[in-house]
Each structure stands twice: as structure tokens, then as C-alpha cells.
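Enquirer: The structure follows.
The values are calculated or read from the model by the stated rules, or taken from the named source; none is laboratory data. Quick caveat, the model's predicted, so the values are computed rather than measured. All Cβ positions, even for glycine, are placed from backbone atoms using ideal geometry, and neighbour counts span all protein chains on display.
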């Protein structure tokens, strides 16, 4: 009579095979739905400076200058193929971060060499790629420090945190 020394090995082998089949099925499902692509996406590469900007009418604004790197879409603007979307937040004198609302934009993407102007209309902060007309613009508070954050929305990564003091 032959002795069976593999009594526990066979059930463990079956469990291992079932586990591997489930893992492979999950990986295939994740790759087909794009979950893996989102997790592996590299954040946008861009160099940005933030400085005070005076509009000539006595209003203090913040100017963001895109020095170099990838062109990006901003705060829900229209996607163009392969362009990363970023969100801009401002931490104002109240200490809370607020998402900027879009003002008039002449282009769908923000590219190297272009500027964005951050200003207040009295109720919300806005940004525009052209310096806004003085009408309706409320000057940012002199002597206050603002922090501008740029966040890549897909992998949800902080790209820049830029302090600006209004003088």
C-alpha cells in the first residue's frame, strides 16, 4: 500500500492557483479600465515663478510666470490630447486655501513663456492669462503673504507651493 505524503500539499497548491488566477484577473481588469495608467502617470514638469504685479492703476496682483516645462490645462479648462490638468489654489489672509476661478482666457493651455494673473473681484479669486482691466479688480492686501499651490490633478501631487508677499 502506497503512502500519500502529499495530503496537505494538494489543497495548498489549489489555493495558490486560485489566488494567482484572481490576481491576474484583477490586473487585466485594472489595465483595461485605465486604473494602472492613472497610478503610473508622471506628474507635469514645469518651473513657475510667482511675483507681485502692479497693474498701473494701484492694484496689486500676483503674476505666475511659466518659465519652462510642459504645457498644462488649468482648473477644468478644455483638455487637449496628452496635456496635464493642474489646479491652482491660493491661501489668502484668512488662512484657507481656495480654488481659483477662471477669468478670461485667450488660450486653452498655459505654456512656457506665458503669464497668469491672480486677482480678486471682491468675492472670489480669479486667474487670467491677460492682465485684467482695473474695473472690478480689488487690490490684494498690502503686507500680506499669499501662498499659491499648483497641484497635478490626475496623480494628485503638489507641484509647487509659492509664497508671495504683497508690498
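Enquirer: Given the structure, is residue 29 at pLDDT 75 or above, surrounded by 10 or more Cβ atoms within 10 Å (Cβ to Cβ) and farther than 19 Å from residue 151 by Cβ?
Expert: Taking the combined requirement at face value, the residue satisfies it.
Enquirer: What about residue 50, is it under 30 Å from residue 129 (Cβ atoms), at pLDDT 80 or above, more than 31 Å from the chain's Cα centre (by Cα) and in the same structural domain as residue 111 (by TED's automatic domain parsing)?
Expert: Values: under 30 Å from residue 129 (Cβ atoms): yes; at pLDDT 80 or above: yes; more than 31 Å from the chain's Cα centre (by Cα): no; in the same structural domain as residue 111 (by TED's automatic domain parsing): yes.
Taking the combined requirement at face value, the residue does not satisfy it.
Enquirer: Same structure again: Can you find even one residue in region 59-76 that is out of contact with any strand residue (DSSP E or B) (no Cβ under 9 Å at 6 or more places or on another chain), surrounded by fewer than 19 Cβ atoms within 10 Å (Cβ to Cβ) and either assigned by TED's automatic domain parsing to the domain that holds residue 47 or in a loop (DSSP other than H, G, I, E, B) (or both)?
Expert: The answer is no, given that none of the residues of region 59-76 is out of contact with any strand residue (DSSP E or B) (no Cβ under 9 Å at 6 or more places or on another chain), surrounded by fewer than 19 Cβ atoms within 10 Å (Cβ to Cβ) and either assigned by TED's automatic domain parsing to the domain that holds residue 47 or in a loop (DSSP other than H, G, I, E, B) (or both).
Enquirer: Here's something else I'd like to know. Can you tell me how many residues within region 98-149 are assigned to a loop (DSSP other than H, G, I, E, B) and either on the phi < 0 side of the Ramachandran plot or crowded, with 19+ Cβ neighbours inside 10 Å (or both)?
Expert: The qualifying residues number 27.
Enquirer: Here's a follow-up. Going by the conditions given, is residue 93 loosely packed, with under 12 Cβ neighbours inside 10 Å, out of contact with any helix residue (DSSP H, G or I) (no Cβ under 8 Å at 6 or more places or on another chain) and at pLDDT below 80?
Expert: So residue 93 does not fit the description; no.
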